[in-house]
Amino acid sequence: MKGDRVEIVVDAGDTTRTYEVVASRAGRRVETAVRRGVVEVSEVTRSGSVVRTARFMATRVLALVEQPVPREDSSEVETRPLREDPKS
């Protein structure tokens, strides 16, 4: 969903580097996969087409942080009690 993002923290020798992949448009999502020693983070459309991919060696990845956009859940909607009649 638009706004979903994944932060990748990578060991770059004497320092660390942080990369970010963001679902930039409506209907897109970010998917992560670890295959054959490689971490892949891809932005994917609704139909499954890959828009862009970031690849890192798994041995160099220090952290992989997925940050979904806060969504309003219908069960979390605040309800107010009915107002009582003051005469009763």
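What follows is calculated from the coordinates using simple rules that are stated; it is not laboratory data. These numbers come from a predicted model, not from an experiment. Cβ sites come from the backbone with ideal geometry, for glycine too, and all protein chains shown count toward neighbours.
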For region 27-34, Karplus couplings with θ = phi - 60° (6.51, -1.76, 1.60), whole Hz, Gly/Pro x: x, 9, 9, 10, 10, 10, 8, 10
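Show me the trypsin sites (Lys or Arg not before Pro) within region 22-54 that DSSP assigns to loop and that have at most 11 other Cβ atoms within 10 Å of their Cβ.
Values: sites: R25, R28, R29, R35, R36, R46, R52; in loops: R25, R28, R36, R46.
The qualifying sites are R25, R36, R46.
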Where labels lie 7 Å past Cα in the beta-carbon direction, separation of R36 and V9 in nm: 2.9
Estimated vicinal HN-Hα couplings, Hz - region 44-50 in sequence order (Karplus 6.51, -1.76, 1.60; Gly, Pro = x): 10, 7, 4, 7, x, 6, 7
